[in-house]
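Chemist: The following block contains the structure, expressed as structure tokens.
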Amino acid sequence: MPEQRSMILIVDDEGSSRRLLTALLQNDGYETLAASSAQEALARLQDRRPDLILTDGMMPQISGFELAARLKADSRYANLPIIIVTAFDDRETRLHALEAGVDDFLGKPIDRAELRVRVRNILRLKEYSDRIRRNNETLEITVRQRTAQLHDSYLQTINVLLRAAEKKDEETGAHIQRIAYYCKELAQQLGMGTDFADLIFVASPMHDVGKIGIPDPILLKPGPLDAAEWVTMRTHTTLGANI
């Protein structure tokens, strides 16, 4: 007996085959839905989401192979496993099924033991696949949250450095802020995109933040700097890069 009541959609134009498969699968503990055609199966999928589709290969109008191909081409059902039930076991039929995206085959007449094993294995693979997908989705959310936290921390660090620069030299602090807005405006005017404009807005203030490491007598000197002082002043770019 399966641990959970997985739902299986049975698609077959022959009533006797639908009833047989329904009885066998329900006896194994599965919940079942039945459709007498591919069109009815597609309609049922609008309301219910089965864990597996068991479809006859040869049906009028839309065959089981075409049904499988349509579903596999639809992103909503691409991961929905499909087993084709067919009386044909030749190479051409199997290739046709594989090209349609079928996950497994079941021969006619139905062998109960084979049915049980193939259904169980397909549902087990689906469970593993669903678990991996959920884990990946959780990981993506965690990564996005962590990235946002790092971005916020980066902005906070820049703001702290800007405030430190302003405390030491109001002109440098104001200059840094002006450059940030100028760079963002230029990036937007050049069509660089919103992401780049936002990035340059937060990165450009760092260009002069190294001045907080310049000694006050040089940074705040009211008159011209001498040659030695200019050498020291020019190190602010290296200091900023290190910061």
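The values are calculated or read from the model by the stated rules, or taken from the named source; none is laboratory data. Source: prediction; values computed, not measured. Quick reminder, even Gly has a Cβ in these numbers, built from the backbone with ideal geometry, and neighbours come from all protein chains shown.
Chemist: It is to be established whether one or more residues within region 83-93 are in contact (Cβ under 8 Å) with a residue 24 or more places away in the chain, surrounded by 10 or more Cβ atoms within 10 Å (Cβ to Cβ) and part of a helix (DSSP H, G or I).
Modeler: Scanning region 83-93 turns up at least one residue that is in contact (Cβ under 8 Å) with a residue 24 or more places away in the chain, surrounded by 10 or more Cβ atoms within 10 Å (Cβ to Cβ) and part of a helix (DSSP H, G or I).
Chemist: Are there any pairs with C-beta distances below 7 angstrom linking a residue in region 102-130 that is assigned by TED's automatic domain parsing to the domain that holds residue 53 and under 23 Å from residue 89 (Cα atoms) to a residue that is surrounded by 13 or more Cβ atoms within 10 Å (Cβ to Cβ) and of a type in the set (Lys, Arg), with the two at least 6 apart or on different chains, and if so which?
Modeler: Between residues of region 102-130 that are assigned by TED's automatic domain parsing to the domain that holds residue 53 and under 23 Å from residue 89 (Cα atoms) and residues that are surrounded by 13 or more Cβ atoms within 10 Å (Cβ to Cβ) and of a type in the set (Lys, Arg), the close pairs are 104/118; 105/94; 106/118.
Chemist: Run down 71, 80 and say which single residue is assigned by TED's automatic domain parsing to the domain that holds residue 101 and not in a loop (DSSP other than H, G, I, E, B).
Modeler: Going through 71, 80 in turn, just one is assigned by TED's automatic domain parsing to the domain that holds residue 101 and not in a loop (DSSP other than H, G, I, E, B): 71.
Chemist: Moving on to the next point. From the list 213, 191, which one is among the small types (Gly, Ala, Ser) and either under 34 Å from the mean Cα position of the chain (by Cα) or surrounded by 18 or more Cβ atoms within 10 Å (Cβ to Cβ) (or both)?
Modeler: Exactly one of 213, 191 is among the small types (Gly, Ala, Ser) and either under 34 Å from the mean Cα position of the chain (by Cα) or surrounded by 18 or more Cβ atoms within 10 Å (Cβ to Cβ) (or both), namely 191.
Chemist: Can you tell me which residue is surrounded by the fewest Cβ atoms within 10 Å (Cβ to Cβ) among those in region 107-124 that are modelled with pLDDT of 90 or more and not charged (D, E, K, R)?
Modeler: 113
Chemist: Would you kindly identify the helices (runs of 4 or more DSSP H) lying entirely within region 188-243 that contain at least 1 residues that are in contact (Cβ under 8 Å) with a residue 40 or more places away in the chain?
Modeler: 194-203, 216-219
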